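Below is one structure, written out as structure tokens; comments come after it.
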Amino acid sequence: MTDRQAASHLLRRLTFGPTAAEVDAATRETTDATLDRLLEPPALPATPELGTDPFAADLTREQRMAARQDVRKQTTEATLWWLGRMAAGGATSVAEKLTFFWHGHWATSVQKVRSARLMVAQQQTFRRYGAGDTSPLVRAMLRDPALILWLDGQKNTRKAPNENLARELMELFTLGVGNYTEDDVKAGAKLLTGWKVDRATGRATLAGPRHDATPATLLGTNGVTDVDAYADLLVRNPAHLPFITARLWLRYGSTDQPAPKPAGTRDVTAMLRALVGSAEFAGTRGRLVKQPVEWLVGAMRQLGIKPDAKVGGILRALGQVPFRPPSVGGWPAGNAWLTTSSAQARLKAGQQLVALAPAAAEGLTGGERLDALAHLLVVDVWTDRTRAALTQVKDPRKLLALALATPEYTVH
């Protein structure tokens, strides 16, 4: 692998898709310098003004229908704002990709939460804590209003315990299957009783009469009494670091190769640095399928497209919309995005994107057009089969649209 290929591989994984100019810049500096620059957390952004929560008050049936429309409008606004952040480039793109990772990890959907404001607030939690030690992040998520609503935490009371949040917390968010018992689920649910979400303020508070304050025995520890102690037990558990490392590797490394040994730290930035600096990382080139959001935002960046309603429609057709993961398990990975229908969707989406940025195809003519195309889309090399297919296409716009649907662009 050449220095340029190594730089493009690193940038393709850490960002939503680099431009050729960004690869040029990374090639001129050391890998450590590139990582220092890209992993420096940007300032916490101001979020869009979405208005009040439409479901903050008691509503009639007719009012609820209007409220659902308002939530959809607010969610669309929030989605386009987030796509703009993803497409910003540099450290912002890296930070937003990590935010998107946590969004798929602590998968929460606006369809049940019914509040774009709470979803954006959860996103800010990911930005505030997601690049550091996992302990503050887990503590914050146990108080997150959107997650509480999503996993029925507001229904978890002393008199009627609900185990949904406690179970998913250990199985999907912190430890993994087989690293806790059913008794741990029951004890965890008891510790999480009593939380209520105030939609008007966007906050979750602990209602004393609804909370079971009896000390619990959890994960082999007696006398656990509050959510912070619960969070600390989870992140100190021997299963936590391997679990989080494997989840990061799934999205940044490979879906079909084992993750490297954990870095020995709960600091997520340090974990990412260790993963992309590992000997195993170089061998993952061309082995990770782009999720639709990654594919779309990368194409937007390389073609110079700004997010708008048309881009939002393209994303829906591709089957992955921010704020709407299909389940608490998040979105699929790997070959799940390589079906015949998804390939057809990418081809159509590529045509729509090129129509939004016709100037991007300028220069894709003549005998060197495939090299220029690879440079534009940061593709290291075309296979003989793909090169033969692309050579037959003379129209620059059709050529660019087809290239966006090639295996070399879809798998990075």
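The values are calculated or read from the model by the stated rules, or taken from the named source; none is laboratory data. Note that the coordinates shown come from a computational prediction; the quantities given were computed from them, not determined experimentally. When we count neighbours, we look across all protein chains shown, and the Cβ atoms used for this are built from the backbone with ideal geometry, even at glycine.
Checking T30 against (1) buried (at least 17 other Cβ atoms within 10 Å of the Cβ); (2) under 29 Å from T134 (Cβ atoms): exactly one of these is not met. Which one? So T30 meets the others, but not (1). Report yes if K348 is more than 20 Å from the chain's Cα centre (by Cα), surrounded by fewer than 19 Cβ atoms within 10 Å (Cβ to Cβ) and not in a helix (DSSP H, G or I), otherwise no. No, not satisfied. The one condition from (1) farther than 30 Å from L35 by Cα; (2) surrounded by 17 or more Cβ atoms within 10 Å (Cβ to Cβ); (3) touching a helix residue (DSSP H, G or I) at 6+ places or on another chain (Cβ under 9 Å) that T221 does not meet is (2). Every test in (1) small (G, A, S); (2) more than 19 Å from S327 (Cβ to Cβ); (3) surrounded by fewer than 21 Cβ atoms within 10 Å (Cβ to Cβ) is passed by A231 save one, and that test is (3). Within the stretch 389-398, the presence of at least one residue that is outside the structural domain of A78 (by TED's automatic domain parsing), within 24 Å of R4 (Cα to Cα) and either hydroxyl-bearing (S, T, Y) or more than 24 Å from the chain's Cα centre (by Cα) (or both) is confirmed.
A single entry from P307, P358, P325 fulfils the requirement of being touching a Phe, Trp or Tyr at 6+ places or on another chain (Cβ under 6 Å) and within 22 Å of A87 (Cα to Cα): P325.
Restricting the first member to the stretch 93-120 and to residues that are assigned by TED's automatic domain parsing to the domain that holds A66, and the second to residues that are of a type in the set (G, A, S) and in a helix (DSSP H, G or I), the beta-carbon pairs closer than 6 Å and six or more apart or on different chains are T108/A146; V113/A146; A116/A78; L118/A146; M119/A146; V120/A78. Just one residue in the set T157, T125 is part of a helix (DSSP H, G or I), in the same structural domain as A95 (by TED's automatic domain parsing) and either farther than 29 Å from R85 by Cα or touching a Leu at 6+ places or on another chain (Cβ under 9 Å) (or both); that residue is T125. Only residues that are farther than 10 Å from A56 by Cα and touching a residue at least 40 places away in the same chain (Cβ under 8 Å) were counted in the stretch 198-216, giving 6. Residues of the stretch 128-143 that are closer than 24 Å to A213 by Cβ and part of a loop (DSSP other than H, G, I, E, B): L142, R143.
Matching residues to (1) modelled with pLDDT of 95 or more; (2) part of a helix (DSSP H, G or I); (3) outside the structural domain of A299 (by TED's automatic domain parsing); (4) surrounded by fewer than 21 Cβ atoms within 10 Å (Cβ to Cβ):
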| site | (1), (2), (3), (4) |
| --- | --- |
| H9 | yes, yes, yes, no |
| R12 | yes, yes, yes, no |
| L44 | yes, no, yes, yes |
| F55 | no, no, yes, yes |
| A67 | no, yes, yes, yes |
| V71 | yes, yes, yes, no |
| E77 | yes, yes, yes, yes |
| L83 | yes, yes, yes, no |
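Picking from residues in the stretch 292-342 that are of a type in the set (S, T, N, Q) and surrounded by fewer than 15 Cβ atoms within 10 Å (Cβ to Cβ), the one that is farthest from A121 (Cα to Cα) is T340. Condition test on A146, is it in a helix (DSSP H, G or I), at pLDDT 95 or above, of a type outside the set (D, E) and under 17 Å from A46 (Cα atoms)? So A146 does not fit the description; no.
Given the criteria modelled with pLDDT of 95 or more and either touching a Gly at 6+ places or on another chain (Cβ under 8 Å) or over 23 Å from P326 (Cβ atoms) (or both), does A207 qualify? Step through it out loud before you land on a result.
Working: modelled with pLDDT of 95 or more: no; either touching a Gly at 6+ places or on another chain (Cβ under 8 Å) or over 23 Å from P326 (Cβ atoms) (or both): yes.
The answer is no for A207.
Filtering the stretch 359-389 to residues that are closer than 24 Å to T339 by Cβ and surrounded by 18 or more Cβ atoms within 10 Å (Cβ to Cβ) leaves L377, V379, W382, T386.
Filter the stretch 173-184 down to the residues that are of a type outside the set (F, W, Y) and surrounded by 20 or more Cβ atoms within 10 Å (Cβ to Cβ), then identify the one that is nearest to S135 (Cα to Cα). Lay out the reasoning, then the answer.
Keep residues of the stretch 173-184 that are of a type outside the set (F, W, Y), which gives 174-179, 181-184.
Right, trim to surrounded by 20 or more Cβ atoms within 10 Å (Cβ to Cβ) and you get 174-175, 184.
On the way: T174: 10, L175: 13, D184: 19 Å.
If we take residues in the stretch 173-184 being of a type outside the set (F, W, Y) and surrounded by 20 or more Cβ atoms within 10 Å (Cβ to Cβ), then T174 is nearest to S135 (Cα to Cα).
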